[in-house]
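The values are calculated or read from the model by the stated rules, or taken from the named source; none is laboratory data. As the structure is a computational prediction, the values presented were derived from the model and not from experiment. Here the Cβ positions follow ideal geometry from the backbone for every residue, glycine too, while neighbour counts run over all protein chains shown. Accessible surface is based on the protein model in full, side chains and every heavy atom, while ligands, DNA and RNA are left aside. Shrake-Rupley method; radii C 1.70, N 1.55, O 1.52, S 1.80 Å.
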Amino acid sequence: TEGVSGMAATRRRKSPASKNGLVLRIIKAALFGCVLTVLAILLFALLLKWDVLLESSIPVVTSFIKALCAGATGFMVGRGLQQKAWLFAGAGGAAYVLLAFIAFAVLEKVFAVNLGLLADLLMGFIAGIAGGLLTQLKKA
């Protein structure tokens with residue numbers, strides 16, 4: 001019996017639903033979202049260079065990239081969660097937006113908090129929820 005209870009305790013510590021496990025999961029997923037963003041921006045830059053897309057498409061495409069990457073972050077956070085996956089996935093989407101904002105602010109040496117950031121955080125939260133809900137649909 002001692003071995004069984006020891007195994008159960010080990011399983012509980014490694015559970016993605018633990019507080020530290022969720023925070024780490026959100027951070028890892030947000031970092032993945034940032035890497036995905038860089039790759040998508042590079043692909044977009046190539047499409048602009050090859051005249052496949054027009055410069056006028058930049059605002060729409062960058063918003064799409066942000067939403068897609070926030071959704072991917074939410075999907076990664078929501079995978080395997082049994083309860084409140086939508087909430088944690090939304091938090092993951094918002095964390096991605098915040099991390100991307102900080103990364104680009106450091107690169108551009110401009111740190112301006114404004115309503116645009118608030119709108120992006122809300123969009124990231126909603127896109128993260130959508131990504132998290134996709135993980136729940138697979139279970140149904």
Rounded to whole angstroms and listed largest first, the alpha-carbon spread of segment 62-128 along its three principal axes comes to 40, 20, 18
Among ALA130, ALA112, ALA30, the residue with the largest mean-square fluctuation in a Gaussian network model of the chain built from Cα contacts under 10 Å is ALA112
Note to self, the chain gives a 222 nm [θ] from helices alone (DSSP H runs n ≥ 4, -39500 (n - 2.57) apiece, / all residues, nearest 500) of -28500 deg cm²/dmol
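Work out the FRET efficiency for ILE102 and LEU42 from their Cβ-Cβ distance, taking R0 = 22 Å, and round it to the nearest 0.05.
Numbers: r = 20 Å, r/R0 = 0.90.
The formula returns an efficiency of 0.65 here.
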Total charge of the residues flanking PHE44 in space, meaning their Cβ is under 14 Å from its Cβ, with Lys and Arg +1 and Asp and Glu -1, is 0
Taking Cα atoms, the helix 2-14 axis meets the longest principal axis of the chain at an angle in degrees (rounded to 10) of 20
Low-density loop trypsin sites (Lys or Arg not before Pro), segment 64-105, at most 11 other Cβ within 10 Å, DSSP non-H/G/I/E/B, are none
For LEU54, the accessible surface traced by a 1.4 Å probe with all protein chains present amounts, in square angstrom to the nearest 10, to 120
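Where Lys and Arg each count +1 and Asp and Glu each count -1, what net charge lies around PRO59 among other residues with Cβ under 15 Å from its Cβ? Walk me through the numbers on the way to the answer.
On the way: positive: LYS66; negative: GLU55, ASP120.
Result for the local shell: -1.
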In degrees rounded to 10, the 0-90 angle between helix 19-49 Cα long axis and the longest Cα principal axis of the chain is 20
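Which residues make up the longest stretch of the chain that has no chymotrypsin sites (Phe, Trp or Tyr not before Pro) in a DSSP loop with at most 11 other Cβ atoms within 10 Å? Don't skip to the end; give the middle numbers.
Values: sites that count: TRP50, PHE111.
The reported range is 51-110.
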With Cα coordinates, the longest principal axis of the chain makes an angle with the long axis of helix 58-78, in degrees rounded to 10, of 0
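For segment 43-140, calculate the relative contact order in percent as a whole number, restricting contacts to Cα pairs under 8 Å that are 6 or more residues apart. All intermediate terms of the calculation are to be shown ahead of the outcome.
Values: 130 pairs, mean separation 37.5, N = 98.
It comes to 38 percent, rounded to a whole number.
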Each label sits 7 Å from Cα toward the beta-carbon; between SER56 and LYS109 the label points are separated, in nm, by 3.5
